[in-house]
Every structure is written in C-alpha cells, then in structure tokens.
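Some notes on the structure that comes next.
The values are calculated or read from the model by the stated rules, or taken from the named source; none is laboratory data. Remember, it's a predicted structure, so these values are computed and weren't measured experimentally. Counting neighbours? That spans all protein chains shown, and the Cβs are built from the backbone with ideal geometry, glycine included. Just so you know, the surface numbers come from the protein's heavy atoms only, side chains and all, with ligands and any DNA or RNA stripped out. Shrake-Rupley method; radii C 1.70, N 1.55, O 1.52, S 1.80 Å.
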Amino acid sequence: MAETPSGGPAGDPQGERLPPMQLLLDNPFLLLFIGVAVPAVLYTIWGVMEVAQIPVAQ
Amino acid sequence: MANAAAFRVCPETGLKVCHHAEILIKANAVVAVVFLAIGGLFGLLVALTRWPAVHILPADLFYLALTAHGADVLLFWIIFFEIAVLYFASAVLLNSRLAAPKWAWFAFALMLVGALMANVAVLQGESSVMFTSYVPMKAAPHFYLGLIVFAVGALIACFVFFGTLVIARQERTYEGSIPLVTFGAVTAAVIAVYTIASGAIILIPTFLWSVGIIPHLDSIMYKVVWWGMGHSSQQINVSAHVAVWYAIAAMVLGAKPLSEKVSRTAFLLYIAFLQLASAHHLLVDPGISSSWKVFNTSYAIYLAVLGSMIHGMSVPGAIEAAQRRRGLTQGAFDWLRRAPWGNPAFSGMVLSVIMFGFLGGISGVVLGTEQLNLIMHNTLYVPGHFHATVVAGTTLAFMAITYLVVPLIFRKEIMFPGMARWQPYLFGLGAMGISFFMMGAGTLGVSRRHWDMTFADAVLKFEYPPAAFLMMGLNGISALLATLGGIMFIVIVVGSVFFGKPRDEAAIKRNPVIGPSGGAAVSQYGGEATFNLPGTTILVAVFFVSFVLYYFINWKYLSEVWPLR
Amino acid sequence: MAITPPENRLWWNEPLHRMEIVWITIAFLWGVVMFLTMVYWHIAGQQNLSNEAYRVKPDAFAAKAEAMVARYKVREEGDSKIPVVRPPAGGDAYLIARLWEWWPILELEKGQSYRLHLSSMDWLHGFSLQPTNINIQVHPNYEMVLTVTPTQSGEFAVVCNEFCGIGHHNMLGRIYVVDRK
Ligand code: HEM
Ligand SMILES: [Cu+2]
Ligand SMILES: [Cu+2]
C-alpha cells in the first residue's frame, strides 16, 4: 500500500500537511519509543547509577 | 489475507466485530473475573484478620492470604481484563480483524499457566513473600517462574494489539486518526511494554537466584527495577480505566471529548512521565540522592498529574456537554441529577471518576511527596491509597464496562437487573470505606502487612491509639460491604454469561445499551464552545480546593515530627 | 465520539474551550508549586531524609553496634536482657534490625542530636517510630546514617513495618527519650 507524501493514512485526502504534533500522536511506534526511552533513562538507568555509587564504609 | 477473518456486524453499534477478537475478549474477561473472585475472597479474609475483634486467620495463613490477594487481584484480575480491553479497543473499535489470533491464544495460555503456577506456589505455603517478593527473602522458584511466564504472555498480547493497529491502518478499516478510547489503550499498551521489560530484567535473575545459579542480589537494586514493573503496572491501570471512562460516557450518553487535542495530549503526558513515579517506593530508602527522588517522584514536575487533572475535567465536561445538548440546561447540576443513575455502567463510571480523583489521586500525590512519605511509608495509608485507585478506580470502572460488554460482546441480557442497579453503589461504598479507614489507621501509624496490631506476643509492649482499632473495625465492616458488592457482580456476570437470555432484536429495542447518540449534533465539533459548563467548573474547583488543603495539612503534620537531617 | 475516529481530520488545530485553558494553566502551576515545595523544604524544612549511606557487611555493622553497647550500656531490660545504651549526645547511635528484633534499646536525651546508623543483618525491615510516626526502610548490606533530634521525652516504640517473615508482627524495639539533667 503506497504511502502518501504526508504519511500514509495519516495524510488527509486534500493532501494538506498535518501538524507535527498530530503526526506524533497518530504514530503508535513513536509513542512506544518515547514511553520506553524516557523512563528507562530517567528512572531506571539514573536510579541504578545512584545505587551503584553508594560508597563502601571504612 | 492470511487469516480469512469472519465478522459479524453489531446491530447496536454498527461496528464490525472480528470473530477471533470476540472470543478472545470473552476468554480473557471470564478468566479475569475468576481471579477477581478468588482474590477478593482472600481480601475479605485479610481484612477480617486485621479487624482486631475478629482476627480470623492464624499468622502464617494471613501472610499467605495477603500474598495471594495481592497477586490475584492486582496482577491477574486486572491484567487479564486489560488484555480484553486492548483487543476491544483495537479490533472492535477499528472494525478490523485481530492480528495473529494464534499468538493471541498462545499469550492467553501462557498467562493462564503462569497465573496458576504462581497461585500453586503461594498456596503450597513456601512463597508467602508478598507480591513484591523483596530479596533476599526467597520464594519457591516456581513462584518467580509463574510470574515470568505470565509476563511473557502479556507482552505477546500487547504485540497482538500493536499488530492489529498496523493491520487496521493498512487495510484502511477506519478514516483518519484512531478513536480516543483506542488512543488510551495505546497509552496503556506502551506503558505495559516498559512494565514488562522491567519485570523481565528483575524477575529472570531472581528466578536464577532462587535456584542457586546467581549467588547474590542487591536489595536496593532489586527495588529500583522491580518497581519499574510494580508501579508502572498501576499506570497501565490508570490509562486503561481513563479510556474506559471515555468509552462508557460515549456509549451511554453519546458524550464526545471536549477536545481531542487536550485529551490526547494528556495521554501523551502519561506515556512520557507516568512511569517515573515508580520512585514513590524508594523515597525512604538509603543512599539514593534527593535529586533523583524529587525529580522522579514528581513525574518530572507533576506533568503526569497534570494529565490526570485534565482527564478529571474533560470526562465530566464531556458528560455535561452531552447532557446539556440533550436539553438538560437548567441550573448548574440538572444534567447530573437527571443522568441515568439506574444504569450500572454509568453509575459505576461516575463513582470511579469521583473516588479515583478525590480519594486516590490526592492521597497518591501526598504519599508520593518526598518528605511527606516519611510519615506514611509502609503504614496502612499505602494500601488505603491504592484501594482508592485500583479498587474504587480501576476495578469499579472495569465492572461498569462489563455491563456493556455482556450485552454487546457476549450478546446476553443482564440477569437480575434490579441487583445490577445497586451493585456499583454497594461495591463503591465498600471500596471507599476500606480506602478511607486504612488511610485513617495509617495516619495513626499502623503498619501495613501486619498480623497483630496489639503486639500480644512481642517481647516489648506497645499499643496503637484506640482510634486506630476503631478504624480497623470500620475497615472490616467496609470489607464486608465491598465483598457483598463483589459477590453480586460475580453472580450477575456469571449468571448472564452462562445462563442469560440471548439478546435478540426485541431485547435490543426494549432495552438499548447504546444511549441516544444525538446523531449529528454530537459529532459536530464546536458544539461545546457554545455551552458553558458551570457544573464541571464547580466540581473541578471543589476538587482543587480539597487537594490544596489536604496537601498543606500534611506538611503541617510533617513539621511536627522529630527533626531529621 | 470517543469510540469513533475524530470527525475533524485536523483535530489538532481545533480551538480550545476557555475552561480548558484556564484549568490546564492552574493545574500546571499547581504542579510547579508542589515541586518547589519539596525543594524549598530541603532548604528551610527540618525534616529531610539523609542521603548518607554506605555499603557494609552485616558483621562489620554488628561489630560497630556491639562496640557501642560495650561502651555505653547503662542497664539491661526484660527476661531476654536487652541492653539499654546511652550514647553520648551528638554521638553515634547504632540500631541493628534482625529477625525479629531491634537491638539494642537506645536512650537519648531530648533536644540533643544523634547520628543514627541503621542496617539489617538479614532481610528488609521497616523502622517505624511510634507514636511519632517516622518511617524508614532498612536494607541488609547498607548502612544509612541520619541525624535525629528527639523533641519529646518518653517511651517510643520501633515497629517493624516491612514484612520480614513469620515473626514480623513481634519485631518491636524501643527508644527512650529522657529530659536533660
Ligand atoms: C473485597 C474487596 C477487597 C478487600 C476487602 C480488600 C482488603 C485488603 C486489605 C485489608 C489489605 C491488607 C492491608 C495490609 O495488611 O497490608 C489489602 C491489601 C491489598 N489489596 Fe485489597 N482488598 C480488596 C480488593 C482489592 C482489589 C480489587 C485489589 C486490586 C485490584 C486489591 C489490591 C490489594 C493489594 C495490591 C494489596 C497489598 C498486598 C500486599 O501488601 O502485599 N484489593 N486488601
Ligand atoms: Cu522486621
Ligand atoms: Cu517486619
């Protein structure tokens, strides 16, 4: 199925360009990327680094 | 087409319903309800044990029942039901065939086997570790294995959902953007992927440790990663039940979101920031910096709370707008007074919105404030809070939509309609009671997960204040109410599904479940702009004032405890 | 409707309802206020949890606690002869969490500050000071050090509020706070 220039079915019949935010919200895989990358970096990776940096008692 | 899918056209909504999707929705929903029944029964036993005058279970069985309760309701009931919601929101709402039905069945089988394995492990008595299973306390290996198998199944189901979105788009089964409810389901599924990935990262090593392959696990590291799963899975619930709120408002009242842009942006805030709140569980743990705690516990400056506050306005706003359009324009609250309060789908949804917002939402933000957590961590305030979110909020919302799923998907008439009318109120009242009284006892310091608040067998002595005992008695009574409401739900659902009258043409005419959609008027954008929404404005203002007051009251409490640095 | 695709293909460009704009603004600002309240409390508030922590072997922590007990024990209590320890004001106070006791009993002076060291010998435990209601998570292999200043005198209980096995509900410790002489 050929993708139209404005992004497949996301493009409207008049060939008008859709606003970027709407393109983002219409794309579940971009959302999936955001939803995994943001917490992975800010919560998990940062958190694990915090724990790893706890010093050893003398 | 690889899977020549059979469809039927729903006589009530006009949607094309894929045959595979339909039976998978049924299977997942039925198993979900079975786990709710089992888990709810354990919940009752737990609550009766915590009622000092009753104290029904011995200590070992109490901890066993508490572990089973947490796992069966929080994981199995909710996630099975969510998978049903995902299939509904993708295949059914998009008029599409379900992607890879064989995989969907495989996912279902894995989830079922995993859930049973974990239950067997708990009932054997060697795995009373609570569903959080903090290391280095050790459960039997098949407890962890069960959870892993269950999670793998759920992950596959999420990919079936994403696959269905792709198919629907390629086959152009819908025009333009996906519906808002489907978008909410996308939010839930995205969060589910992160949740399950975190679960795999932590549970697989824990399983290997339990069989002796890995010698040591770090207990703080475990908590950080485990809560990436444990808390995020609650955020799946939030996204799913908000989607369910919108769906019920649309089906029963023809309500249309005030603005697609605002509601979808609110879901985007969930996708990006909601999972950070997993940090709520580490606020009083050693060695983690306050920067990490403050940033993550506040969902990056409360952006996900902003999302919830937006939904908290747009759901009632959409209902008010729909009702006013129908001519209920008198005063601020005529639209609310004359809403279909006898329809359990509607009443359950409204109670869910109110209790989730006022009880669950406010208490959650307070509990998740870095310093305030010091006066609440691991007290009964915590289960009090999450019974408001996950029982009064999610469970009640899922019960409410079941009253639409039974006629539309199972195509059965609701049995015992008189009982169904009252069920949401009874269950809602009970759920509100258990949340409220556990929060009260927690404010007085009572520990969660604790068999004996009198400390009768301890070497030293201590007594909680008498008010705390009163709270636990009232909690027990509320538990009885909630259980009664739960039993009514199960009786109605099981009765209707297995013994109910098939829903024929006549029944559809007599007793429509899809409300008068108002036709064109509803589907025109801009209608709302001409309406003022005074009722919603007042509700939101009351909510905001309660929130601010309660928030600062707790800082006052905190300022009275011993100084700490 | 929420269960059908948006009627307007370009929904992103639809105008907002005035009420929505007002509420979103208020809700956003309230989030900023709550965020800044936590930051402010770190600067001006009296109750902030310390981030000072170390990795420590249980034996090493126990040795430090035993040294403190040997030095500052003032009496023993009960049939099981739990030592009551009175560390010097401003000094280090060690509290061991283990299945299923808090050891030893500490005796502190009102209005004085102490460096309280917490660690577990086995599983997770929860330090829950009652009726004051201060709650802190205690881990094995980690030593948390916080400075506390008791502001009331009397007898306080340390309840364990993290599930730690079948004796969890019997894990009760004690802290005395006495007035300064
Ligand atoms: C009949 C309805 C219910 C009653 C009477 C009930 C009661 C309780 C009580 C008394 C506790 C124990 C608090 C403690 O000692 O720490 C508890 C824990 C819990 N409940 Fe419920 N509950 C009910 C339904 C639910 C539902 C529907 C869910 C989830 C959707 C749920 C999730 C939980 C969880 C996750 C815990 C914590 C377990 C743990 O600490 O490990 N409950 N419940
Ligand atoms: Cu303990
Ligand atoms: Cu304990």
| request: Round to the nearest 10 and give me the degree value, 0 to 90, for the angle of helix C:18-44's Cα axis relative to the longest principal axis of chain C. | output: 20
| task | With a 1.4 Å probe on protein heavy atoms only, tell me which residues of the range A:27-45 lose at least 10 Å² of accessible surface in the complex relative to the chain by itself. | result | A:28, A:29, A:31, A:32, A:34, A:35, A:36, A:38, A:39, A:42, A:43, A:44
| request: Provide the solvent-accessible area of residue B:213, counting protein heavy atoms only and rolling a 1.4 Å probe, rounded to the nearest 10 Å². | output: 120
| query | For the range B:22-109, which whole-number percentage of the solvent-accessible area (1.4 Å probe, protein heavy atoms only) is attributable to carbon and sulfur atoms? | reply | 80
| query | Between residue C:39 and residue B:538, what FRET efficiency follows from the Cβ-Cβ distance if R0 is 41 Å, with the result rounded to 0.05? | reply | 0.80
| request: Report, in degrees rounded to the nearest 10, the 0 to 90 angle that the Cα long axis of helix C:58-72 makes with the longest principal axis of chain C. | output: 50
| task | Under a 10 Å cutoff between Cα atoms, tell me which one of C:168, C:42, C:117 has the largest fluctuation in the Gaussian network model of chain C. | result | C:42
| request: May I ask you to rank B:261, B:16, B:293 by accessible area, largest first, using a 1.4 Å probe over the protein chains only? | output: B:16, B:261, B:293
| query | What residue among C:118, C:106, C:29 has the largest mean-square fluctuation in a Gaussian network model of chain C, using Cα springs under 10 Å? | reply | C:29
| note | The relative contact order of chain B, taking Cα pairs under 8 Å that sit 6 or more residues apart, comes to a percentage of 15
| message | Under a Cβ-only charge scheme (Lys and Arg +1, Asp and Glu -1), can you give me the dipole magnitude of chain B about the Cα centre, in debye to the nearest 20? | response | 1120
| So what is the calculated 222 nm ellipticity per residue for chain B, using -39500 (n - 2.57) for each DSSP H run with n of 4 or more, over all residues, to the nearest 500 deg cm²/dmol? | -21000 deg cm²/dmol
| field | Cα convex hull volume per residue for the range B:136-261 (Å³) | value | 129
| task | Would you list, by chain and number, the lysines whose Cα falls below 27 Å from the Cα of residue B:102, excluding same-chain residues fewer than 8 positions away? | result | B:16, B:26, B:412
| Once A and B are treated as a pair rather than alone, how much accessible area drops out, both sides summed, in Å² to 100, probe 1.4 Å? | 2900
| request: Using every pair of alpha-carbon atoms in the protein assembly as shown, split the distances into 10 Å bins beginning at 0 and state the percent of pairs per bin, rounded to integers. | output: 3, 14, 24, 26, 18, 10, 5, 2, 0
| query | Using protein heavy atoms only (no ligands, DNA or RNA), what is the total accessible area buried between B and C, 1.4 Å probe, nearest 100 Å²? | reply | 8800
| request: Add +1 for every Lys or Arg and -1 for every Asp or Glu among the other residues with Cβ under 9 Å from the Cβ of residue B:323, and state the total. | output: +2
| note | Counting only protein heavy atoms with a 1.4 Å probe and every protein chain in place, the carbon and sulfur fraction of the accessible surface of the range B:110-180 in whole percent equals 67
| note | For the protein assembly as shown, the charge dipole (Cβ of Lys, Arg +1; Cβ of Asp, Glu -1; about the Cα centre) points to a positive end, and the Cα of B:551, B:532, B:228 closest to that extreme belongs to B:532
| message | So, taking all protein chains as they sit and a 1.4 Å probe, how much accessible area belongs to residue A:26, in Å² rounded to tens? | response | 20
| query | In chain B, which helices (entire DSSP H runs) extend 27 Å or more along their own long axis, judged by Cα positions, while averaging at least 0.0 on the Kyte-Doolittle scale? | reply | B:19-49, B:101-123, B:141-170, B:180-210, B:219-253, B:299-325, B:417-443, B:466-494, B:534-559
| Which shape class applies to the range C:52-178: rounded if a/c is under 1.5, otherwise prolate when a/b exceeds b/c and oblate if not, where a ≥ b ≥ c are the square roots of the Cα gyration tensor eigenvalues? | rounded
| query | Two-decimal Rg/Rh of the range B:45-149 from alpha-carbon positions, Kirkwood Rh? | reply | 1.12
| task | Using a 1.4 Å probe over the heavy atoms of the protein chains, calculate the carbon and sulfur portion of the accessible area of the range C:38-96 as a whole percent. | result | 52
| remark: Under the rule rounded for a/c under 1.5, else prolate if a/b exceeds b/c, else oblate, using alpha carbon gyration tensor axes a ≥ b ≥ c, the range C:104-181 is classed as prolate
| task | Would you tell me the accessible area of residue B:156, worked out with a 1.4 angstrom probe on the heavy atoms of the protein chains, in Å² to the nearest 10? | result | 30
| Under the Kirkwood approximation for Rh and a Cα-based Rg, what ratio Rg/Rh is obtained for chain B? | 0.96
| remark: From highest to lowest solvent-accessible area (probe 1.4 Å; ligands, DNA and RNA excluded), C:66, B:260 read C:66, B:260
| remark: Per-residue accessible area, 1.4 Å probe, largest first, puts B:557, B:222 in the order B:557, B:222
| request: In debye, nearest 20, what is the charge dipole magnitude of the protein assembly as shown about its Cα centre with +1 on Lys and Arg Cβ and -1 on Asp and Glu Cβ, if you could check? | output: 940
| task | Hey, could you get me the Stokes-Einstein D for the range B:203-257, Kirkwood radius over alpha-carbon pairs, 10 °C and 1.306 mPa s, rounded to whole µm² s⁻¹? | result | 112
| note | Hydrodynamic radius by Kirkwood for the range B:317-396, inverse mean 1/r across distinct Cα pairs, in Å, is 14.4
| note | Given Cβ charges of +1 for Lys and Arg and -1 for Asp and Glu, the option among B:378, B:335, B:155 whose Cα lies farthest towards the positive end of the dipole of the protein assembly as shown is B:335
| remark: Mean accessible area per residue over chain B (1.4 angstrom probe, all protein chains present, square angstrom) is 32
| request: Would you pull out the residues with amide H under 5 Å of residue B:379's amide H, same chain only if 5 or more places away, H placed 1.01 Å from N? | output: B:448
| Unit charges on C-beta of K, R, D, E only; dipole of the range C:52-178, Debye | 220
| Lys/Arg +1, Asp/Glu -1 at C-beta; the protein assembly as shown dipole; positive extreme among C:54, B:197, A:48 | B:197
| said: Suppose R0 equals 22 Å. What FRET efficiency, 1/(1 + (r/R0)^6) with r the Cβ-Cβ distance, do residue B:333 and residue B:425 give to the nearest 0.05? | reply: 0.70
